Amino acid sequence: MGEDRSLSEKQRLRFGWIEACLRHAGQFGVAEKKVYCDQFGLSAGMASRDQAKFLEEFNARAGVEAAEKHRGKIRLTGENGDDKSTIFPVFDRHLWLKSMLGERLASLPDVRRDSVLPGTLRTVVKAIKSRCPIVTEYHSRNGNRGWRRLSPHSLVDVVNRYHVRAWDYEKSQYADFVLSRMVNPRLQEDRFPAYVDNKSDTDWHTLVPVEIRPSDGVDPDSARLDYGLKEGDLRILKIRKALANYMIDDRSKAYSAPVTVRLVE
């Protein structure tokens with residue numbers, strides 16, 4: 001990559017949107033420019049200036065001529081068209097697709113978990129930032145429910161389901177708690193018991209390898225393309241040990257989904 005160059009957060013967001021156009025639509029032209037102006041409240045002149053500045057910054061940061069202007073449109077150069085690395089990875093792909101395609105983007109509803117109540121998320125985020133314990137009623141999957149005292153240290157996004165990694169005072173151990181199962185969490189303003197940070201959370205600080213390879217009966221070529229498998233039809237990721245169970249398929253022989261989804265005739 002090229003030298004570090006200073007841009008405002010608003011510029012980085014807008015340039016991320018332009019790069020998303022190049023990555024997902026193949027160009028930033030007249031149609032994309034119109035949506036861009038509507039998205040960010042810009043005039044055509046301001047968008048044109050952004051277009052020129054983006055091209056300059058994009059190539060400077062890439063260290064090569066990764067994009068070019070051709071007949072009034074910006075596009076990636078041929079050798080960079082399939083490059084998965086991004087220069088401005090700041091614009092959410094789904095939001096970009098929604099802003100670009102509108103009703104032509106269809107999404108299936110997420111049936112795995114209901115959305116987290118804003119008050120619950122707000123309390124947990126405040127607890128993490130202010131290093132303050134919380135107390136909450138918690139419903140475990142096995143049917144146990146009751147009040148828990150926790151010291152949250154990190155929020156975890158597991159495919160749009162939020163968990164919090166926290167010290168559990170009752171069990172004297174670190175554990176994960178699903179935010180949607182918390183009821184009426186509140187900050188322990190008196191800071192009692194004392195906050196427990198993540199310094200002693202060994203599983204959080206330990207990285208373990210997770211292996212991804214084609215399943216039995218799956219065409220290796222399709223799996224290779226879909227999951228970015230390399231030589232030997234294998235891909236290995238290093239992730240936190242505390243999060244490994246959320247990625248591996250065979251977590252427990254006794255595991256079963258908490259709900260059944262079926263078509264109603």
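The values are calculated or read from the model by the stated rules, or taken from the named source; none is laboratory data. Because the structure is predicted, anything quoted here is derived from the model rather than measured. Here the Cβ positions follow ideal geometry from the backbone for every residue, glycine too, while neighbour counts run over all protein chains shown. The protein model used for the area step is the full one, side chains on, heavy atoms only, and it has no ligands, DNA or RNA in it. Shrake-Rupley method; radii C 1.70, N 1.55, O 1.52, S 1.80 Å.
When the solvent-accessible area of the chain is split by element, carbon and sulfur atoms take up 50 percent of it, the probe being 1.4 Å. Using a probe of 1.4 angstrom and keeping all protein chains present, the accessible surface of the chain works out to 66 square angstrom per residue. For Ile239, nonlocal amide neighbours, meaning residues 5 or more places apart or on other chains whose placed amide H falls under 5 Å from its own, are Val208, Val210.
Ranked from largest to smallest solvent-accessible area, with a 1.4 Å probe on the protein heavy atoms, His153, His205, His139 come out as His205, His139, His153. Of the residues Leu187, Pro214, Trp204, the one whose Cα sits farthest toward the positive end of the charge dipole of the range 168-230, with +1 on the Cβ of Lys and Arg and -1 on the Cβ of Asp and Glu, is Leu187.
In a simple Cβ point-charge model (Lys, Arg +1; Asp, Glu -1; nothing else charged), the range 27-78 has a dipole of about 160 debye relative to its Cα centre. Annotation: amide H-H contacts under 5 Å for Thr77 (H modelled 1.01 Å from N, sequence separation of 5 or more, or interchain): Ala67, Glu68. With contacts taken as Cα pairs under 8 Å at a separation of at least 6 residues, the chain carries a relative contact order of 12 percent. Compared with the dominant principal axis of the Cα atoms in the chain, helix 30-40 is inclined by about 40°. How high is the FRET efficiency between Leu207 and Met46 when r is their beta carbon distance and R₀ equals 41 Å, given to the nearest 0.05? That pair, Leu207 with Met46, gives E of 0.35.
Helix 9-24 axis versus longest C-alpha principal axis of the chain: approximately 70°, rounded to the nearest ten.
Farthest towards the positive end of the charge dipole of the chain, among the residues Ile134, His153, Gly26, is the Cα of Ile134, using unit charges on the Cβ of Lys, Arg, Asp and Glu.
For the range 126-134, backbone phi angles converted through the Karplus equation (6.51, -1.76, 1.60; θ = phi - 60°) give residue-by-residue couplings of 4, 4, 5, 6, 9, 6, 10, x, 10 Hz, Gly and Pro being listed as x. About the centre of its Cα atoms, the range 127-265 shows a dipole size close to 600 debye [charges on the beta carbon of Lys, Arg (+1) and Asp, Glu (-1) only; nearest 20 debye]. Each label was represented as a point 7 Å from its Cα along the Cα-to-Cβ direction; for Leu263 and Leu95 these points are 3.6 nm apart. Coupling constants for the range 184-194 follow from the phi torsions by the Karplus curve (6.51 cos²θ - 1.76 cosθ + 1.60, θ = phi - 60°), and in residue order they are 6, x, 9, 6, 8, 4, 7, 6, 10, x, 4 Hz; glycine and proline get x.
Backbone geometry of the range 62-76 corresponds, through the Karplus equation with coefficients 6.51, -1.76 and 1.60 at θ = phi - 60°, to 3J(HN,Hα) couplings of 6, x, 9, 7, 7, 9, 9, 9, 9, 6, x, 10, 8, 8, 6 Hz, x marking Gly and Pro. Its Cα centre serving as origin, the chain has a Cβ charge dipole (Lys and Arg +1, Asp and Glu -1) of approximately 840 debye.
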